[in-house]
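Let me begin by presenting the structure, written as structure tokens, before commenting on it.
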Amino acid sequence: EHFPFSVWYFVEKPRRMRLSQAYRASCLAPKPYPAPKPRLLHTAAWIRAAAVRPDTLDPEVDEVIKAIHATPTRLALTVTGGGVQAISWLLGVPGASRTVLDVQVPYSPTALKSLLGGQAFASASSPDSVAALSQAAFQRAASLTALGTPVAGLACSAALGTDRVRRGEDRVYIAAHGTGGRASFSLVLDKAAPRPRWAQDAVASRLLIHAAALSCGLPVPEGDLARRWLRLEPGDVLESGRPQPPPTLRQALQSLGRGEITSVEAGLGPVTAGAPRGGRLYLPGSFNPLHAGHTAMLQAAQSLCPQLEGCYELSTGNADKGLLLVEEVERRVRHFEEARLPVVLTQAPLYAQKARLFPGSVFVIGYDTAIRLLDPKYYGSREDMLLQVRRGGTGGARSSGVVTTPS
């Protein structure tokens with residue numbers, strides 16, 4: 001075609017340039033991916049895994065959780081790396097407020113270390129780390145409940161499928177630590193099984209619910225029945241640690257004497273070992289024997305501090321007389337059991353030790369004890385005694401209307 005110069009320069013050439021630019025832009029524009037073809041669930045394994053979707057609750061799990069909520073045991077849970085669906089399952093069934101006390105989900109190494117009080121482990125998913133997490137959850141559950149309440153701390157630490165190459169196994173570790181005893185589980189998931197991550201998490205969550213039921217004293221399936229309930233694949237390897245029953249009073253006292261634990265609660269039912277509770281009102285004494293004067297003294301103190309739960313404290317070690325025999329401590333504890341009164345056994349003869357063991361607590365003492373409290377021989381020197389009294393505040397004791405203060 002031949003155009004006059006003016007028509008070519010002002011009309012035709014700009015039109016062709018616009019067409020060329022539009023063509024280049026269309027070539028560079030990203031192309032939408034084709035719609036994915038519907039994928040069939042080829043294996044029975046994936047079909048079984050798909051039976052428990054994150055947005056639904058299997059009737060079997062619902063039944064077990066209802067039974068858990070019907071028990072008096074209170075739970076504190078810590079999950080990291082997996083088992084998170086168990087939290088929504090427990091909270092999604094009515095009655096959770098009767099069971100669940102606290103839930104922690106530390107996901108970064110820093111958060112995990114902080115939860116364990118600075119304690120670090122080579123691997124976040126290991127039997128040692130999950131045991132420490134369950135013990136911390138147990139102590140947290142005890143601090144949130146009244147004395148004599150059955151509690152359990154449960155922890156799940158898992159390493160599940162990820163979007164990066166990981167040479168290690170897909171594994172789950174679960175531990176339970178409570179007044180009903182201790183239990184542990186180890187599960188290695190078959191990587192060859194066509195199971196997405198949410199299905200792996202569903203298996204870990206079922207195992208955590210299984211451990212919770214065991215901690216609440218409910219009957220749980222074993223062997224092949226347990227594998228079927230957990231929806232395990234043939235290549236999955238499940239190992240259960242030998243369950244440890246709750247300690248007897250003598251066993252707990254022996255652990256206290258060896259320094260393995262710092263406190264033992266008795267008098268109201270099952271023994272609770274290794275879970276000192278702060279923020280209480282304690283009446284320390286030898287209680288040889290327990291008599292009406294002791295109960296009247298604690299009741300009078302409770303009338304002044306009605307917001308605090310009252311309890312008796314008996315140290316098995318004495319700053320002047322040494323350690324008490326286990327048999328003697330058992331004899332004194334029987335008096336509390338007969339009267340249905342709570343008593344905490346410690347190895348903290350000095351009030352400075354008691355204050356560190358039970359932070360935020362109030363201690364009830366008589367005049368004679370207050371005088372001994374200021375005796376320099378328990379501190380090393382008079383200067384050390386005055387320094388500790390100054391740091392702790394000015395104390396006083398009342399006798400016949402006269403207040404005696406340290407001079």
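Observations, loosely collected:
- Odd one out for G118 among (1) without any contact (Cβ under 8 Å) to a residue 60 or more places away in the chain; (2) in contact with a strand residue (DSSP E or B) (Cβ under 9 Å, 6 or more places away or on another chain): (2)
- Within the stretch 229-308, strands (runs of 3 or more DSSP E) holding 1 or more residues that are more than 23 Å from the chain's Cα centre (by Cα): 237-240, 281-284
- Selected residue (criterion: farthest from G178 (Cα to Cα)) from residues of the stretch 309-320 that are part of a strand (DSSP E or B) and not hydrophobic (A, V, I, L, M, F, W, C): N318
- Residue match in the stretch 210-230 (condition: under 22 Å from D128 (Cβ atoms) and touching a helix residue (DSSP H, G or I) at 6+ places or on another chain (Cβ under 6 Å)): yes
- Residues in the stretch 66-84 that are under 23 Å from R197 (Cα atoms) and either hydrophobic (A, V, I, L, M, F, W, C) or modelled with pLDDT under 95 (or both): L77, V79, T80, G81, G82, G83, V84.
- Filter pass, A158 being small (G, A, S), farther than 13 Å from S205 by Cα and in the same structural domain as L189 (by TED's automatic domain parsing): no
- Residue in the stretch 362-370 that is modelled with pLDDT of 75 or more, surrounded by 11 or more Cβ atoms within 10 Å (Cβ to Cβ) and assigned to a strand (DSSP E or B) present: yes
- Complete set of residues in the stretch 200-242 that are at positive phi and modelled with pLDDT under 90: G223
- Evaluated against (1) free of Cβ contacts under 8 Å to residues at least 40 places away in the same chain; (2) assigned to a loop (DSSP other than H, G, I, E, B); (3) of a type outside the set (V, I, T), A226 falls short on exactly one condition, (2).
The values are calculated or read from the model by the stated rules, or taken from the named source; none is laboratory data. Treat the numbers as computed from the prediction; the structure is a model and nothing was measured. Counting neighbours? That spans all protein chains shown, and the Cβs are built from the backbone with ideal geometry, glycine included.
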